[in-house]
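To start, the structure under review is shown below, and the notes come after it.
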Amino acid sequence: MQILKRFGNFATMITENLTGETRRPGRIEVVCGSMFSGKTEELIRRLRRAQFARQKVEIFKPAIDVRYSEEDVVSHDQKHIMSTPIDSSASILLLSSDCDVVGIDEAQFFDMGLVDVCNELANRGIRVIIAGLDMDFKGVPFGPMPALCAIADDVTKVHAICVKCGNLAYVSHRTVEGSQRVLLGETTEYEPLCRECYQKALEEEKRKQNTPSAQKSSE
């Protein structure tokens, strides 16, 4: 009898949980952090729950992001979900007119119009879930992410682990040469570092640049 009662309570909890998913009003949720922090994994988790609740879900990602797949949104641990690659945030409005939930990955690569797009979707009653880097490799707020965090109903900051000391990571440190802001890469191009280790890495880079051999090679 107790087993049946516990099973009944569990079933009720699951039903209420999924009912909560279907009754959520229009809102904006942002998941941000450094690289390797689990942003895309959390995005996929929330979108899968919405699909399980039988909601109509549309997912978008920047067309330039072809690291793992040209079409799927793929996390670093290889979790994936089908998406639509687009070049402009305006396309989201055209392709999501009849849906309950919109997911957007790598939002930092989109244009600033994404902010108005997300606001309009939320005002229509659509749940918008966004994942993206909050800062670039220089520690500067990245693209539309700061504005998206400002207008969001809920912001979740996730953290990677600093590869140098094991503390919570603060930023994605670029380990290869290149000054361009957008450089798609993985563990061979970036590493998550805490604030202290990041400052040490910058100091080491400056020291190397000021060595006689480095100055000769640049001449």
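Among residues other than K138 with Cβ under 11 Å from its Cβ, the summed charge is +1 (Lys and Arg +1, Asp and Glu -1). The mean accessible area for residues of the range 91-175, using a 1.4 Å probe and ignoring ligands and nucleic acids, is 41 Å² per residue. Over 27 Å between Cα atoms, which of K61/K206; K157/K206; K39/K206; K39/K208; K39/K164 qualify? Violating the 27 Å Cα-Cα cut-off are K61/K206; K157/K206; K39/K206; K39/K208.
The values are calculated or read from the model by the stated rules, or taken from the named source; none is laboratory data. Model, not experiment: these values are computed from the prediction. All Cβ positions, even for glycine, are placed from backbone atoms using ideal geometry, and neighbour counts span all protein chains on display. Accessible surface areas use protein heavy atoms only, side chains included; no ligands, DNA or RNA. Shrake-Rupley method; radii C 1.70, N 1.55, O 1.52, S 1.80 Å.
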